[in-house]
Every structure is written in C-alpha cells, then in structure tokens.
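First up is the structure itself, then whatever we jot down about it.
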Amino acid sequence: MNAGFNLGPVDQIPFGEGRAFGVDGEQVAVFRLRDGSLRALSAVCPHKGGPIADGTIDQDLVLCPLHQNAFSLDTGCSTTGAEPLTSYDVQMDNHQNIILRTAAR
Amino acid sequence: MTAVTDKTQPTSQHKGQHNAQHRLPGPVPASKGKRPPGTRDARRRLVVIGNGMAGARAVEEILARGGAEQFTITMFGDEPYGNYNRIMLSHVLSGEESDADIFLNSLHWYQDNNITLHAGVRVERIDRFTKYVFANNGHVVPYDVLIIATGSQSFMPPMDGLYTPSGSIKPGVFTFRTIDDTRNMVKHAQDEGHPSDRRRRAVVIGGGLLGLEAARGLQSHGIDVDVVHSGGHLMNAQMGPDGGAILRRSVEALGIRVHTGSRTTAVLGTDKVTGVRLRDRPDIDCDMVVVAAGIRPNVDVAVLSGLHVERAIVVDDQLRVVDEDDIYAVGECVQHRGEVYGLVAPLWEQAVVLANHVTGADSAAAYLGSRIATKLKVAGVEVASMGLQGPERETDEHIVFSEPSRGVFKSIVIRDNKMVGATLLGDSRKVAYLTQAFDKGLPLPEERIALMFDLGGPGEEQGVAELNDDAQVCNCNGVSKKSLVDAVKGGCNTVAGAMDATRAGKGCGSCKLLVKQVVEWAADGDVAEDPAASYYVPGVPLDKASLMAAIRKQGLRSVSSVFAALAPGSAEDAKSKMGLASLMKMMLADQYIDERDARFINDRVHANIQRDGTFSVVPQMKGGVTSVQQLRRIADVAEKHNIPLIKLTGGQRIDLLGVPKEDLPQVWADLDMPSGYAYGKSFRTVKTCVGKDFCRYGTGDSTRLGIDIESRFQGIEAPAKLKLAVSGCPRNCAESLVKDVGVVAVEGGRWEIYVGGAAGAHIRKGDLLATVDDPEEVKVLTGRFMQYYRENANWLERTYSFVPRVGIDHIRAVVVDDAEGLADGLDAAMQASVDSYMDPWTERDDPLTPGQFRTSLPLTVLPQVPVR
C-alpha cells in the first residue's frame, strides 16, 4: 500500500461537511464528522453523477444532494438501492493533515 | 338424480352443432402414467364429482401442490365438455364472446394432467362405506378421497304451464345456467321461424343479477324484454330499495320493461310459449320465457348417499363434509358456517383450503368464510356491492349519494369507523379503494365524502389493486408498483421503510398517499404501525408540538444540541437536519445558532443545485417588476460568465442556470442584487399582474401590494416553499387562486385572501380566508397565516395539504377572528423573523465556512494535491 496522499490541513473541511479532492486521478469526497473523525468516499454518485461532497451527513450516512440516495460513510454501500461508492482509508497525521490512501479498501 | 335436474339439461338434438374440440363422447382416458398391467399404482385415488368451476379449480389447486404425485384423478362432469367459465355466459348470450372463448380447460388439459374425465356422465350415488361412486352410465369407480363439486341448478318457481303434458319443459321456456342453456336461447332468439311482422318478445322471470344479464343479452338479439321480479326492487340481494330504484331507471332507460313486486303465475300457450300470466297485472305476450329466479345447490347425490345436508352439503373449516373422513365438498353446493355462496370468489378461496388439506401441503389451513364484495357490470350498468346494504344499528353511519338522472347511487355504511357495507351504482371508480377498506378494515378519512369521490387534494385514492405491476407509482424517482411490492415482500413492513428502500415518494412527495396504499395493499394489511409517521423529522421521536415544546423547555439553540438532547442515543440523523434547521430558525430567529452542516447544500450556498452539480441563480425581482438597469446588469453578468441558460421562471423572475459553485460569489457580486430565494423551503416570490396603473380592468394596485408583501416576507423559512400572488381583479391573471397565499382585488377597494391553493404536483383552489378593505390588513393576515402555518405544519407539508388538514374554518378562527388569542403572538413571531432577515448573498464577501464555495463537481478539474 502506498504511504498515502497528504490533502492538506483538516480545517479546510468544516465539521459535519465534506469537500472534494482530486487525488491520484481519482475524485474523492472527504468528510469531517462532527466528532472530528474523517471518512472518504468516491465523489460521484453512481446514480446520476451527483456531487457526494455536497451531501448532508451524520455519523453513519451521506445523502446525495440530487436524489437523496444514502450511502454508508464507512463502507460506501447504499441503503437506498444504489450502486456502492468506493470507500477509502483516510486519517489525520500529527500535523492535522488529511492523509488518504487511494488503494481501495 | 332427480327429474328436475334432468329437465334443465340440454336435449340431445342440439349436440350435433357443438364445437367438437370441447366435446367428447366418452371418458377421456389419462394418456400418460398408464402402467403395464400387473404393476400397482401406489397413489391414492381422487374422484371429483363435478367438472364446473369449483371442481376444476379444486383440481388445479391440488395439482399445483404436487397432487399428481399423490393421486390418480378421475373427474365426472354432467355436461359433455371440458370446463368453462360460467360467469361469461351472459357475454355468450349477448354475442360479445363466442362459446369457444369461455373454456377454461380444454380436453387437452385433462389429458396433459393425466386426469380421467367422464364428461356428460352423472354420478348418481356414493357408497361411503365401501368407497365407490356409481355413475349413470354404469361406471363404478373406487375412491380414496372424494370431492363433491356439484354446483347449483336454476330454481324453477312454481307456476302453471311450465311443462307440456308429456312432462318436458314447454318449448320457449329456458333456464340460464349452462352453456347449452345459452346456446339454446341464442338459437331460439335467432330462429327464422318466428313471424317477422312483429318484434319478438321475451319475459325474464327474476330481476337479480342473472335475470338482468339475460335481459340485456336477449336485447342484443333485437328482442323486446320484460323483467318480472317478485322482490320489491331489482337486485335485492345486493342492494337496498334506493339503489334498486335507480338501477331500475337505468335498466328501463335501456328499453327493458321492469315489473317488480309481481309474480308469474302461469306460462301461457299449449304447445309453445305465447305469454305469461302475472298475479296482479295484465298478461304479457311473448315467445320466450327465461327463468332466472335464483339457484339451488345440487345436493341430490349427497342426500341419496346419506351425507349431512341442510340447505346445502354441510362442511367444516377444512371443506370436509361433516362426519366424513375422506369426502370433501366445494363451491355452490356447500354450506359452511350457515352460509351458501353463489359467487365465484368464495369458491376460489375454498379451493385453496381444500387443496392444502387434501395434499397435506398445509394441514393448518382453514376456510373461515368469505366477505362478499362484488363488482359487476349488470346490463351495462356498473354495480358494486359489499357487506351491509344499509345501517342496522342506531349508531351506524350511513352516507348516501343519489343522482338518479345519471343513474349514480352510492351508499356506504360505517360502524365504529370501519366500513361494513357499500353499494355503488353507475360509478365504480372508488370500488378498489372501498373493497380494500372493507376487506381490511382500513381507517377511513374523516371527510366521509372522500370515500365516494376523489376530492381535489393531495393523493389519489385510486385502486392500487388494479394498477399494473409496471405502473409507475413515484413519477419523480421512477418507482414502479412492482418495486414497492418487492420491497414489502423483501421484509419492509412499514411505509417509511419501503419508501427508504425504493426512494418512492422522496421526490416531489405528491405520490406519498399512493405509495402508502400500495405498501398497505402489498402487505395485505400487515403494515406495522409506523411510529415515525407522526414525527416532525425521522430522527427525533417527537411530533412538531412536542418537539417545539422540548426545544423551548431545554433552551436548545442548535441542531446538534437537539440531537444530543432529544434523539435516541443522541445520534445525529442526516435526514432530519434540514427540517430541524428550518424549524429552529423559525422559532429562534436571531437567537438560532446556525450550524452550516445542518443545512441542505442549497441553503449552504444560497442557490439551487442542478442535475449536473451546477447551480441556478435567481435574483430578487419583487412582484415581477424590473427595470432597465436590472435587465442590463443581468445581461452583462450572463455575458461575462457565459451563463448557459437564461430562463424566465414561473414566478416572474429571471433564472441564470449552470453557474458553477465556485463562481457564485462573483456572479452575485456582479449582479449586486439580493437573493430571490428560488432554492429554499421558504417564502419564494409574489407573482403580480399589471394592476390598475395600466390594466383597464384593474381594480386594485396589485403590483404595489405584491412588492410590499415580498419586501416584508422575503426569505422567511417555512416547512415547505411558499408561493404567493396578487391579482388586481377577479380575472386573476396572477393565478392567485392556486397559490399558497393568493390575493385578489375585487370592486369596491376590497381584497380577497385565498390560502392553500396549488397548481403544481397537485391542483387545488385555495380557500377564501377573508375579504378585507385595506392592503395593510392583507399584509397582517398574510403574515399571521404564514406564521400559523410555520408553527403547525409538518415538515415539507405544503399549504395545500395543511389547510384541508387543519380546516379552513379553524384557520379562519385563529387567523382572522383570533378565537384562540394567538394573533399577537403570531404577529410578534413573524415580526422577529422579518427583523432578522439578512440577504444571504452578502456571504459572497466573507464565506462563512472554509471552502464554502469550493467545487464538489466531478465535472471539472479539482484542486490537485502534491504526492507525498
């Protein structure tokens, strides 16, 4: 597994929201949950191409803003019957930077 | 069997013309499964007496449960044919269907299923001790299990002259029971031997279902028909006198003469029919008499064989003949818990239970009787009937609608808020819904009239049972009936669960009622009560009033604090965030702690997300009035930003579509106009007409008032969007009657205020809230109504649902008459919201969150980051 990509400081993502990043040719939505932990999923909704990073989240799910398909933040699996999103390993380093590994889990 | 039965049977001279395919001279031997002589068939022997709809259906059900492995099957049928659909005989009589069309099982079916069929052979006796049946052609057949399905025969009421001196039925007299009866009637009706100088005439004895069908069928052969009915009104088994009277009008309008409350005492004519004699009315000349005065179960073989027979063969809940271990009975020849049925639906239900027992597929199966709901077309008139004909107890509710000139009659009986009976005549559009309500005891709408008619409101209570599987239930998300049904079969037993699983009803929401009905239908009434249905948002188990009270009591000021304090396990819920954010902003105004993650993306960036992830920008254009400067600026902005689509909206504004998120601040800055709020669950716009300045019809300054209303209420949050309009005269060019709040100027300087109108996903004319003299009063009442709506409507409940739910009378009492003393509070709360207004587009200069306007678009090149 690669060492991961540093996406920069975590505070570029507000609590409870997501932001999109282009990483290694892939488009990744990184979410910062209200408890401070991070999740990362592929950024494009498999249903109609909606921008997942603009979705509303809680501790478990993200809702695509276009048609409210729901996906698990942990696994990328949809609870509304859509195809799954890819889930990525994402962590914070000691300098409060976001570290993302693109090799799909 | 008895002589009576013989007399109703076809005479042999007609048999030559029958379709050879369906007829056979002797038993059909089983073609497969014959064993070499000497080998023993270990299977039990099943013998079925009766090859009508019940007998054949029972065998079909048995075969479907692997009966062929358990049994060798032998069937005896009185009629020399395969099995046909008796219900369709009226169509054969009228010529709509040929007799070949109504066969259910051709002779091939018997061969293919290895059934030995003795067609045209009658069983005369059963020896239930040695277990043999004795047929009238000398066959003696042993059985291990016996099913009696002998059905019914026409009842011949006593009258003189029915028979010729030789004992046969007088030529020209018919019953209407079998395919041969039908063929004989058709032949007689078409017979060239009748004098052609006068119209032929028939009398039908019996004004029930079958009699009316016969009358209509004969009419189609150009015959004048009289119906003589001993009951006080037509179809008295299915409906009360009021319905019967209207049915009579409809039947008479077809040219059929009706004589109710009268009895035929004699058939006139020596060697053939020349007329009938009535008890108390003049004789009627005719060439033909059809007796359709009811049916009687065929129980002769059962009686002769010593089985327990009362009105019919008595069976238990397993369809087993009482006191017999190996003899079952099914269909019209059966008496179960005192009931004898003459319709097809109970027969299907009986056949299933019987098959489950005979094959052992489900030995717990029990037949508990049938609730009879019929939907028929009788003589061209739609008739549906179920349960009680009329009220029986003092506390029964009886709702009746009667419109004789159109032949429409509807009667519904309600007991303890459950439907216990209904009769519908001439208009059966609500039948599927009513049948469901009757079968499953569904809760009924408070407005009882909604049981009879589709009122203008959300949801169509159409017959979900009748929808095709591929019918699209949710037109936004393309969810078919089948998808919903599959979700239910897959284990979703709540409406919300099925909606979540399929996303049905998650678009515009206009199909929610239909979705609910489909789910309830699919679950066959086994829908778990959905506790979440009353919650304001799904993640906090409180209705709106309790939720608001809890928020106030605990002094909660943010969405996250609500989850922490009130949600189970203090768990956040994404689906609840937007609704909570809206509610708390409404309640707390500038005391609300605005957490941006609780907002939907539209409300985070103050624009409406489009299918490609870009946004639409609609600047405020109060009352739809603009200026040269505005237009020029909009044109410049559109040009500068290469706006892909410039569109006039339905709310009289200009929409710039296809703006990338990251460009929003610059577009707003260049426009330098306030937000038009074309994206939120909020006050949107006030549409106005030209008004009295220019329009020669205008009676009030609608444009000015529209601008004033928009200035006052711009951007206030609500449970759902609010679209308003002001029209300057009753021509209503601004379409005020179909707005959430619509104002119409009327002559005399007065203004009418309508609320709860809609012309989108639903069409509803608003209800008149008040008529006032002063534009200021319009503003006050508009604000007070909207505040009442904001405080009391469910999340995403538009005013077109809210107003009828609460009732316009109640709303008027609160808003106009201040009957509950709420007016001051409502006005103050609205004023607080108005005072806390801030144009959200000013966030362009100082984004509230990091990357607020950063792209999330998969379409464009995203910010690339260095590889570590």
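Quick notes on this one:
- For B:R868, the stated conditions hold: it is open to solvent by 70 Å² or more (accessible area, probe 1.4 Å), modelled with pLDDT under 90, of a type in the set (K, R) and farther than 16 Å from A:A53 by Cα.
- Selection count where residues are hydrophobic (A, V, I, L, M, F, W, C), without any contact (Cβ under 8 Å) to a residue 60 or more places away in the chain and more than 13 Å from B:R57 (Cβ to Cβ), scope the stretch B:335-363: 2
- Residues that are under 21 Å from B:A532 (Cβ atoms) and away from every other protein chain (no Cβ under 12 Å), drawn from the stretch B:553-575: B:L556, B:V562, B:A565, B:L566, B:P568
- Comparison of B:M584, B:M578 shows that the only residue that is at the interface with chain A (Cβ under 8 Å from one of its Cβ atoms) and more than 30 Å from B:R704 (Cα to Cα) is B:M578.
- Within the set B:D416, B:D362, B:D396, the sole residue that is under 29 Å from B:K512 (Cα atoms) and among the charged types (D, E, K, R) turns out to be B:D416.
- Test: A:E83 is more than 10 Å from every other protein chain (Cβ to nearest Cβ) and either open to solvent by less than 20 Å² (accessible area, probe 1.4 Å) or closer than 29 Å to B:G478 by Cβ (or both): yes
- Cβ separations smaller than 8 Å between residues 6+ apart or across chains give no pair from the stretch B:249-269 residues that are over 15 Å from B:G380 (Cα atoms) and touching a residue at least 24 places away in the same chain (Cβ under 8 Å) to residues that are aromatic (F, W, Y) and not in a helix (DSSP H, G or I).
- Pairs linking a residue in the stretch A:55-73 that is at positive phi to a residue that is part of a loop (DSSP other than H, G, I, E, B), with Cβ atoms under 7 Å and 6 or more positions apart or on different chains, are A:Q68/B:R503; A:Q68/B:K506.
- Within the stretch B:103-175, strands (runs of 3 or more DSSP E) holding 1 or more residues that are under 16 Å from B:M53 (Cα atoms) and of a type in the set (F, W, Y): B:103-105
- The stretch A:63-74 - residue that is more than 7 Å from chain B (Cβ to nearest Cβ) and not in a loop (DSSP other than H, G, I, E, B) and, of those, nearest to B:G505 (Cα to Cα): A:A70
- Unmet criterion (only one of (1) touching a residue at least 60 places away in the same chain (Cβ under 8 Å); (2) out of contact with any helix residue (DSSP H, G or I) (no Cβ under 8 Å at 6 or more places or on another chain); (3) within 14 Å of chain A (Cβ to nearest Cβ)) for B:V618: (3)
- Restricted to the stretch B:400-439, and to residues there that are among the charged types (D, E, K, R) and surrounded by fewer than 18 Cβ atoms within 10 Å (Cβ to Cβ), the residue that is farthest from B:E382 (Cα to Cα) is B:D416.
- Members of the stretch B:194-218 found to be open to solvent by 40 Å² or more (accessible area, probe 1.4 Å) and either modelled with pLDDT of 90 or more or not small (G, A, S) (or both), listed by number: B:P195, B:D197, B:R198, B:R199, B:R200, B:R201, B:L209, B:L210, B:R216
- Candidates B:G766, B:G757, B:G783: the one that is over 31 Å from the mean Cα position of the chain (by Cα) and either assigned by TED's automatic domain parsing to the domain that holds B:L580 or not aromatic (F, W, Y) (or both) is B:G783.
- Verdict on B:R393 being open to solvent by 40 Å² or more (accessible area, probe 1.4 Å) and within 30 Å of B:V738 (Cβ to Cβ): no
- Here A:T56 meets each of (1) at pLDDT 95 or above; (2) within 11 Å of the chain's Cα centre (by Cα); (3) facing chain B (nearest Cβ under 8 Å) with one exception, condition (2).
- Whichever residue in the stretch B:278-303 is in a strand (DSSP E or B) and more than 24 Å from B:D191 (Cβ to Cβ) and, among such residues, is most open to solvent (accessible area, probe 1.4 Å): B:R296
- Residue selected from the stretch B:574-613 under the condition part of a loop (DSSP other than H, G, I, E, B) and touching a helix residue (DSSP H, G or I) at 6+ places or on another chain (Cβ under 7 Å), by the criterion nearest to B:M838 (Cα to Cα): B:H606
- Looking only at the stretch B:271-315, and only at residues there that are among the acidic types (D, E) and in contact (Cβ under 8 Å) with a residue 24 or more places away in the chain, the one that is farthest from B:F129 (Cα to Cα): B:D285
Listed here are the residues, each with its yes/no results for (1) assigned by TED's automatic domain parsing to the domain that holds B:D827; (2) at pLDDT 95 or above; (3) closer than 27 Å to B:M786 by Cβ.
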| position | (1), (2), (3) |
| --- | --- |
| B:P568 | no, no, no |
| B:K577 | no, yes, yes |
| B:E595 | no, no, yes |
| B:Q610 | no, no, no |
| B:I634 | no, yes, no |
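- Among the residues of the stretch B:638-666, the ones that are among the hydrophobic types (A, V, I, L, M, F, W, C), under 23 Å from B:G715 (Cα atoms) and without any contact (Cβ under 8 Å) to a residue 60 or more places away in the chain come to 6 in all.
- Residue within the stretch B:685-700 that is open to solvent by less than 30 Å² (accessible area, probe 1.4 Å), at pLDDT 95 or above, closer than 24 Å to B:D839 by Cβ and among the aliphatic types (A, V, I, L, M) present: yes
- All positions within the stretch B:361-389 that are within 23 Å of the chain's Cα centre (by Cα) and not in a strand (DSSP E or B): B:S370, B:R371, B:I372, B:G380, B:L388, B:Q389
- Residue list for the stretch B:244-259, restricted to those being open to solvent by less than 20 Å² (accessible area, probe 1.4 Å) and not aliphatic (A, V, I, L, M): B:G244
- Meets criteria (of a type outside the set (A, V, I, L, M) and in contact (Cβ under 8 Å) with a residue 24 or more places away in the chain) for A:R32: no
The values are calculated or read from the model by the stated rules, or taken from the named source; none is laboratory data. Not measured: the values here are computed from a predicted model. Glycine gets a Cβ as well: all are built from the backbone with ideal geometry, and neighbour counts include every protein chain shown. In case anyone asks, the SASA skips ligands and DNA or RNA and just uses the protein heavy atoms, side chains included. Shrake-Rupley method; radii C 1.70, N 1.55, O 1.52, S 1.80 Å.
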